[in-house]
1. Please indicate, with yes or no, whether at least one residue in the range 93-104 is touching a Lys or Arg at 6+ places or on another chain (Cβ under 8 Å) and part of a loop (DSSP other than H, G, I, E, B).
2. Against the condition within 21 Å of LEU144 (Cβ to Cβ) and of a type in the set (Ser, Thr, Tyr), how does THR50 come out, does it pass?
3. Being over 23 Å from LEU111 (Cα atoms), free of Cβ contacts under 8 Å to residues at least 12 places away in the same chain and either outside any helix (DSSP H, G or I) or in contact with a Pro (Cβ under 9 Å, 6 or more places away or on another chain) (or both) is the filter here, so list the residues in the range 143-174 that pass it.
4. Could you identify the single residue in ASN58, ASN101 that is touching a His at 6+ places or on another chain (Cβ under 8 Å) and closer than 18 Å to ALA19 by Cα?
5. If you scan the range 108-123, which residues turn out to be open to solvent by 20 Å² or more (accessible area, probe 1.4 Å) and either of a type in the set (Asp, Glu) or within 17 Å of LEU161 (Cβ to Cβ) (or both)?
6. So which of ASP49, ASP43 is charged (D, E, K, R), at pLDDT below 95, open to solvent by 20 Å² or more (accessible area, probe 1.4 Å) and not in a helix (DSSP H, G or I)?
7. Based on this model, can you work out whether SER33 counts as farther than 27 Å from LEU123 by Cα and surrounded by fewer than 17 Cβ atoms within 10 Å (Cβ to Cβ)?
8. Given the residues ARG68, ARG9, ARG13, ARG17, which is the only one that is part of a loop (DSSP other than H, G, I, E, B) and open to solvent by 60 Å² or more (accessible area, probe 1.4 Å)?
Amino acid sequence: MWRRNGQHRKSLRRQIRTARALFDEGALEQAESLMRQLVSDCDDAFGTDTPESIGLLNLLGSVLYQQRKLSASAAMHSEAVDRAARVLGRDHPETLGYAHNYGAALAVQGLTSDAVAVLDDTLQRRIRRLGNDHEDSLTTANTLGATLFAAGAVTDGLTLLRQAYAASQHLPGGHELRDDIARNLRIAQRNAGGR
């Protein structure tokens with residue numbers, strides 16, 4: 001039994017790698033199908049509160065997000081956050097990564113007040129844990145700033161985007177995150193009449 005269980009776990013890990021590769025290649029429907037099959041198998045083989053199972057939920061949430069299946073995406077990310085918080089703690093970088101994804105899925109659905117609450121909490125925790133110029137903190141600041149601005153909280157959104165832009169200047173020119181923050185700030189300033 002021990003060898004069979006060990007082989008089964010190895011097989012599941014290989015399938016998770018395959019699902020991730022499908023996601024990376026943009027084969028989203030195939031990735032989703034494989035991940036949905038793997039979720040209960042991984043929960044059974046590894047346990048529900050293990051890195052494999054939690055990471056798979058988050059990855060499935062990302063696949064669903066890319067397909068704009070936003071309600072299902074938010075549900076997967078929310079479950080990943082809950083499980084990771086139980087196991088790793090609310091301030092663990094992985095938990096905060098899952099929380100960012102959850103907040104982004106809520107924002108794209110237009111559930112602004114829920115998204116802002118999740119993203120603001122995630123940002124504060126990331127800043128305390130990692131500092132305000134860490135890429136993870138800047139990613140959440142960028143998402144939260146754009147969400148606030150789009151929801152009509154123009155001053156708050158602009159302020160946060162300006163802070164993120166200033167904090168991102170240590171990143172090399174051409175860095176994807178630095179460019180994304182700069183682009184969001186330009187769009188917000190233009191739409192706010194140059195404020």
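1. Taking every residue of the range 93-104 in turn, none turns out to be touching a Lys or Arg at 6+ places or on another chain (Cβ under 8 Å) and part of a loop (DSSP other than H, G, I, E, B).
2. Spelling it out, it is not the case that THR50 is within 21 Å of LEU144 (Cβ to Cβ) and of a type in the set (Ser, Thr, Tyr).
3. PRO172, GLY173, GLY174
4. Values: ASN101 fails: closer than 18 Å to ALA19 by Cα.
From the options ASN58, ASN101, the qualifying one is ASN58.
5. Taking the range 108-123 as the starting set, the residues that turn out to be open to solvent by 20 Å² or more (accessible area, probe 1.4 Å) are 108-114, 116-118, 120-121.
Result: THR112, ASP114, VAL116, ASP120, ASP121.
6. Criteria check complete, one pass: ASP49.
7. yes
8. Testing whether each residue is part of a loop (DSSP other than H, G, I, E, B) and open to solvent by 60 Å² or more (accessible area, probe 1.4 Å) leaves just ARG68.
The values are calculated or read from the model by the stated rules, or taken from the named source; none is laboratory data. Just so it is clear, the model here is predicted, and its values are computed rather than measured. Backbone-built Cβ (ideal geometry, glycine too); neighbour counts: all protein chains shown. Just the protein is used for accessible areas: all its heavy atoms, side chains included, with ligands, DNA and RNA removed. Shrake-Rupley method; radii C 1.70, N 1.55, O 1.52, S 1.80 Å.
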